[in-house]
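Engineer: Mind looking over this structure? Questions follow.
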């Protein structure tokens, strides 16, 4: 009777020396920095102006960096800077444009002003779209520039540049364009998206967004 437990222990010990017998992934990928995941539907858009499904955010969240993000562990949720230097604190103005204290009554607030300052030194990864010639003009710009090319590696030259606030402004404007929006059905009674606010332009990495008066003044950027 004692032989059976000894044999079982020996089998378990031998099995523990190797990898899982039902590993579905290639043995050649073992030890490599590869993340395997699953999604329920094939992603349709990787354009942030058109992407709207949970399966797509798995990819777009690793490609595009937002100005702000939520702390991964803190509860309740807390905003922290991503590409911004700091989380913006609103300044409140009355109808005459005079600045109000931070604890001003809501009925006196006509505008909430958020100043967004982007961290310096954030650059795009090398890409043919940023390749320029000696005069600073794009190398690959034109109607037939992609003819005969199938992948990014088919372009000999690449380039990069620093992230600016204009990049975010351009993307916000694309969100406001009906042609760039994904085809989604809106439930009856569901309000439409608010109009995009105005933006001043002190310098390329700095923007001041002005929000119209609301019943409750916005105390946190979202």
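Throughout, read-outs are computed from the coordinates displayed, never taken from laboratory work. Nothing here was measured: the structure is a model prediction, and the numbers come from that model. We place every Cβ from the backbone using ideal geometry, glycine too, and count neighbours over all the protein chains shown.
Engineer: Residue 140 - would you say it is more than 19 Å from the chain's Cα centre (by Cα), crowded, with 16+ Cβ neighbours inside 10 Å and part of a loop (DSSP other than H, G, I, E, B)?
Structural biologist: The answer is yes for residue 140.
Engineer: Just one of (1) assigned to a loop (DSSP other than H, G, I, E, B); (2) surrounded by 13 or more Cβ atoms within 10 Å (Cβ to Cβ) trips up residue 134, so point out which.
Structural biologist: So the condition that residue 134 fails would be (2).
Engineer: Please enumerate the residues belonging to segment 143-176 that are in contact (Cβ under 8 Å) with a residue 60 or more places away in the chain and in a loop (DSSP other than H, G, I, E, B).
Structural biologist: 163
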